[in-house]
Amino acid sequence: MLLGRSANGLYWMARYIERAENMARLVDTGLRLALTQTSASSDEWASVLTSAGVRDLFEQGNDAFDTATVTNFLLRDTANPSSVLSSIDTARMNARMVRTALTRETWESVNEAWMAMHRMLKRRVDEQDLPAVLDAVKRETALIRGAFQGTMLRNEIFDFAQMGTMIERADNTSRILDVKYYVLLPSAAWVGSPLDNIQWQTILRSVSALRSYRWTHEGDFNPANIADYLILNRRMPRSLAFCYRHICDSLDYLADEYGVRQRCNEMADAKFEKLKTAAVSDIFDEGLHEFLSDFIRDNAALGNQIATDFRFY
Amino acid sequence: MTPFDEMRLGGQARDPYEDYQSWFDRQDAKRLKQKAGDAERVFRRTGITFAVYGDQEAAERLIPFDIVPRIISGKEWRRLVQGIEQRVQALNAFLEDIYHRQEILRAGRIPREIISGNEAFLPEMIGVKPPGGVYTHITGVDIVRTGEDDFFVLEDNARTPSGVSYMLENRETMMQLFPELFQQVKVRPVENYPQLLRDSLARVKPELCEGKPTIAVLTPGSFNSAYFEHAFLADQMGVELVEGSDLRVVDGHVAMRTTQGYRRIDVLYRRIDDDYLDPLTFRPDSVLGVPGIMDVYRAGKITIANAPGTGICDDKAIYSYMPEIVEFYTGRKAILPNVPTWRCSEPDSLAYVLEHLDELVVKEVHGSGGYGMLVGPAASKKERAAFAKKLKARPKNYIAQPTLSLSTCPILTSKGLAPRHVDLRPFVLVSDRIRIVPGGLTRVALKKGSLVVNSSQGGGTKDTWVLDD
């Protein structure tokens, strides 16, 4: 038996841990682009902000798209609810609310990550220290993931947290792709240019998939392969298909345990079915941007449906 | 006068501390300091923190923990237990009485107006019989000591006594830090408190409830200063931790919203005040409680622990009558005496108190947590004058007590052991029987000479040992 409020706390705890990590990865990507200087770095930072879904918010309080301002906003600004600091605060607040549902290891890893990030991000981070800080953020979230995966009983508690992780991750991957979709569009003028290659690598890097992509596609950076890899590859842990496989798993377990299949089951199944059967050429025919916009909208709707079906509020 | 030190008497360790002292003498000072640091890290990592109201800076602070245990002999403890049991019995009989026949008022043993004019007295509870007849399921009795055989009750906490999680975590921490010490000194265990609490609550389930009752802990939420304790107890008992927003009345029962719909609750261990319990009956603006829970309660379909209206026992005007109350209901003199108390509502007493402000401790009758009190000897002339004004304006609002020479127990400071004043809060569980785990929360004033042990005022805690002798 699990309180609706606890399910909600678990779900959002997991979403915000995932978000803290994704934010660090995005900053990492932006930083690398700014260093390579093949494009105007302000454009890149603007697109990083768009990927993070916080560009409007940024522009309300800042006007310079330089490295110092943007990284500070993404890492430390508590006015930005998705900054690393805000995310870990929200994650811990939720973890604290549901701490009796977590193993000691999981709770302590969240609490320690919170303490560590507050220590690291107490003051503005010098540009030269950024790589170390970003690594540390990713390490802390990896520790949480390790404690969670390694110690939590696979029951409803696990499932609600896992769905939070996967919905957040799917949202993140699709946003990154959507912001860069113009690079993936086959256009004669762009193909094969050095800029092109860097952009593609950026996308892969921002989802920690550059090396694994090389294993899978032998370094052949082309739009169809990249889209296939990040959308349809079920073995790639940040792809949309992978996320939906796990969401469906969790929802199936819950349906078995509770003895009832609900609207959220149908929605997730339909989405997963589409990801399983689609070919990347179909997606390009439909229009990559349209596909991703639909996906982001449906993914959010699934989150809301889960909240309704399991009485989060 | 030097206060009574519980560890050392005339340059020698007192009996209960003998084994500890000989262990302590063999320890390396540096290692002990290191252990004290380890303890703090353990507390911070596990998130055993509390919030201090009005302290923006440190949203979460640790209650300082001192690694020198406070030790009570088996003999001392047995006497305390007798006194505490008698007192808690009397408290429950008193509550039953004032909410039913009011014999004690008819007998003229206590003045009517301290009941009728008391905010903590709930007219809604008149004629209501709580399941099992129990009012104070959990009581914290604050005890101070001034000499070898001199123990006094300083306060009764019948509303929502807190601190038991520290009793448990302090022991846990001590056992982690000094496992060898527990092999040398036989200390009675306290860790079965959560099981006893659960069992105690189950024993007073509503009469209409068949089978095993569903128990839940009601917290005001994670921003509450004692949230850690609420979560801790729910966890240790293996019951749900609920908030007001999780609960509603469904088909005449209180129920919690789960991922599969509403589930009935039979026993609610609530950690919110009466005022917030039911917006339909008490404060209409409360969002912490459950609309309609009082109707369910009156219908005998839920146990609320502690029962609504028990907070009146925390009132210091009532406290001043406890010797009469104990005698009235148990037919015997109180085994554990009160601290002598002047009621400022009485003109003679008020005059005395005003004249002797520099010797007395003056407290608000409804106050708690060490707020709003004057420690005469420690206050400046100006502070005393300001307090005298308040006292004259609302004498009924205050009681006064002599400044007791509280016993001390050493703490570990950077310069070695140093005596500090302590008090003791044992936790008493009432169901169809009374149970007290051997131990309690020892609070210690960390400032030299200070008599204020409240955690909100810079106090710390110690592990409390009752010896198995």
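The values are calculated or read from the model by the stated rules, or taken from the named source; none is laboratory data. All values derive from a computational prediction rather than experimental measurement. Please note: Cβ atoms are built from the backbone with ideal geometry, for glycine as well, and neighbour counts cover all protein chains shown.
A few points about this structure:
- Cβ-Cβ distances below 8 Å connect the following pairs, each with a first residue in region B:385-410 that is in a loop (DSSP other than H, G, I, E, B), a second residue that is of a type in the set (Ser, Thr, Tyr), and a separation of six or more residues or different chains: B:Leu404/B:Thr146; B:Ser405/B:Thr146; B:Leu406/B:Thr146; B:Ser407/B:Thr146.
- Criterion (at negative phi, among the basic types (Lys, Arg) and without any contact (Cβ under 8 Å) to a residue 40 or more places away in the chain) met by exactly one of B:Arg343, B:Arg283: B:Arg283
- Enumerated helices (runs of 4 or more DSSP H) restricted to region A:75-186, each holding at least 1 residues that are modelled with pLDDT of 95 or more, within 25 Å of A:Met236 (Cα to Cα) and in contact with a strand residue (DSSP E or B) (Cβ under 9 Å, 6 or more places away or on another chain): none
- Within region B:244-259, considering residues that are out of contact with any strand residue (DSSP E or B) (no Cβ under 7 Å at 6 or more places or on another chain) and surrounded by fewer than 22 Cβ atoms within 10 Å (Cβ to Cβ), the one nearest to the other protein chains (Cβ to nearest Cβ): B:Ser245
- Checked against (1) over 14 Å from the mean Cα position of the chain (by Cα); (2) surrounded by fewer than 17 Cβ atoms within 10 Å (Cβ to Cβ); (3) assigned to a loop (DSSP other than H, G, I, E, B); (4) in contact (Cβ under 8 Å) with a residue 24 or more places away in the chain, A:Arg32 passes all but condition (3).
- Subset of region B:24-48 [surrounded by fewer than 12 Cβ atoms within 10 Å (Cβ to Cβ) and within 14 Å of chain A (Cβ to nearest Cβ)]: B:Arg41
Residues checked against (1) surrounded by fewer than 19 Cβ atoms within 10 Å (Cβ to Cβ); (2) at pLDDT below 70; (3) within 14 Å of chain A (Cβ to nearest Cβ):
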{"site": "B:Asp55", "(1), (2), (3)": "yes, yes, no"}
{"site": "B:Glu60", "(1), (2), (3)": "yes, yes, yes"}
{"site": "B:Pro64", "(1), (2), (3)": "yes, no, no"}
{"site": "B:Ile67", "(1), (2), (3)": "no, no, no"}
{"site": "B:Ile71", "(1), (2), (3)": "no, no, no"}
{"site": "B:Gly74", "(1), (2), (3)": "yes, no, no"}
{"site": "B:Arg79", "(1), (2), (3)": "yes, no, no"}
{"site": "B:Ile84", "(1), (2), (3)": "no, no, no"}
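- Residues that are within 14 Å of chain B (Cβ to nearest Cβ) and aliphatic (A, V, I, L, M) within region A:1-25 comprise A:Met1, A:Leu2, A:Leu3, A:Ala7, A:Leu10, A:Met13, listed in sequence order.
- Single match in A:Glu266, A:Glu286, A:Glu290, A:Glu257 (criterion: of a type in the set (Asp, Glu) and in contact (Cβ under 8 Å) with a residue 40 or more places away in the chain): A:Glu257
- Options B:Glu191, B:Glu243; residue that is within 20 Å of the chain's Cα centre (by Cα) and charged (D, E, K, R): B:Glu191
- Filter result for B:Lys212 (in contact (Cβ under 8 Å) with a residue 60 or more places away in the chain, among the basic types (Lys, Arg) and more than 23 Å from B:Leu280 (Cβ to Cβ)): no
- Meets criteria (facing chain A (nearest Cβ under 9 Å) and over 18 Å from B:Gly292 (Cβ atoms)) for B:Glu229: no
- Residue in region A:49-58 that is touching a helix residue (DSSP H, G or I) at 6+ places or on another chain (Cβ under 8 Å), at pLDDT below 90, more than 14 Å from chain B (Cβ to nearest Cβ) and not in a helix (DSSP H, G or I) present: yes
- Flag: B:Ile104 does not match the condition of being aliphatic (A, V, I, L, M) and modelled with pLDDT under 95.
- Checking A:Arg235, A:Arg245, A:Arg205, A:Arg261 one by one, the residue that is surrounded by fewer than 16 Cβ atoms within 10 Å (Cβ to Cβ) and more than 14 Å from chain B (Cβ to nearest Cβ) is A:Arg235 and no other.
- Whenever a residue of region A:101-129 is more than 14 Å from chain B (Cβ to nearest Cβ) and in contact (Cβ under 8 Å) with a residue 24 or more places away in the chain, its partners that are among the hydroxyl-bearing types (Ser, Thr, Tyr) and buried (at least 19 other Cβ atoms within 10 Å of the Cβ), lying with C-beta atoms within less than 8 angstrom and at least six residues away or across chains, give the pairs A:Val125/A:Thr71; A:Glu127/A:Thr67; A:Glu127/A:Thr71.
- Sole residue being over 30 Å from B:Lys33 (Cβ atoms) and either of a type in the set (Asp, Glu) or surrounded by fewer than 19 Cβ atoms within 10 Å (Cβ to Cβ) (or both), chosen from B:Ala378, B:Ala418, B:Ala393, B:Ala400: B:Ala393
- Check on B:Leu218, in contact with a strand residue (DSSP E or B) (Cβ under 6 Å, 6 or more places away or on another chain), surrounded by 21 or more Cβ atoms within 10 Å (Cβ to Cβ) and under 29 Å from B:Ile272 (Cα atoms): yes
- Scanning region A:60-99 for residues that are within 14 Å of another protein chain (Cβ to nearest Cβ), surrounded by fewer than 19 Cβ atoms within 10 Å (Cβ to Cβ) and touching a residue at least 12 places away in the same chain (Cβ under 8 Å) gives a single hit, A:Asp89.
- Qualifying positions in region B:383-436 - at pLDDT below 95, among the β-branched types (Val, Ile, Thr) and under 28 Å from B:Ala93 (Cβ atoms): B:Ile399
- Matching residues, region B:150-187, being part of a loop (DSSP other than H, G, I, E, B), of a type in the set (D, E, K, R) and touching a strand residue (DSSP E or B) at 6+ places or on another chain (Cβ under 8 Å): B:Lys186
- Region A:293-308: number of residues that are within 14 Å of chain B (Cβ to nearest Cβ) and surrounded by fewer than 20 Cβ atoms within 10 Å (Cβ to Cβ): 3
- The listed residue being touching a residue at least 12 places away in the same chain (Cβ under 8 Å), out of contact with any Cys (no Cβ under 8 Å at 6 or more places or on another chain), assigned to a loop (DSSP other than H, G, I, E, B) and surrounded by 14 or more Cβ atoms within 10 Å (Cβ to Cβ), out of B:Gly367, B:Gly372: B:Gly367
- Where a residue in region B:224-247 is closer than 23 Å to B:Asp199 by Cβ and its partner, wherever it lies, is in a loop (DSSP other than H, G, I, E, B) and basic (Lys, Arg), with Cβ under 7 Å and at least six apart: B:Ala226/B:Arg271; B:His230/B:Arg271
- Residue satisfying all of: in region B:170-215; of a type in the set (D, E, K, R) and exposed (fewer than 14 other Cβ atoms within 10 Å of the Cβ); nearest to B:Ala307 (Cα to Cα) among these: B:Glu207
- Screening B:Asp38 with (1) within 30 Å of A:Ser109 (Cβ to Cβ); (2) in contact with a strand residue (DSSP E or B) (Cβ under 8 Å, 6 or more places away or on another chain) gives one miss only, at (2).
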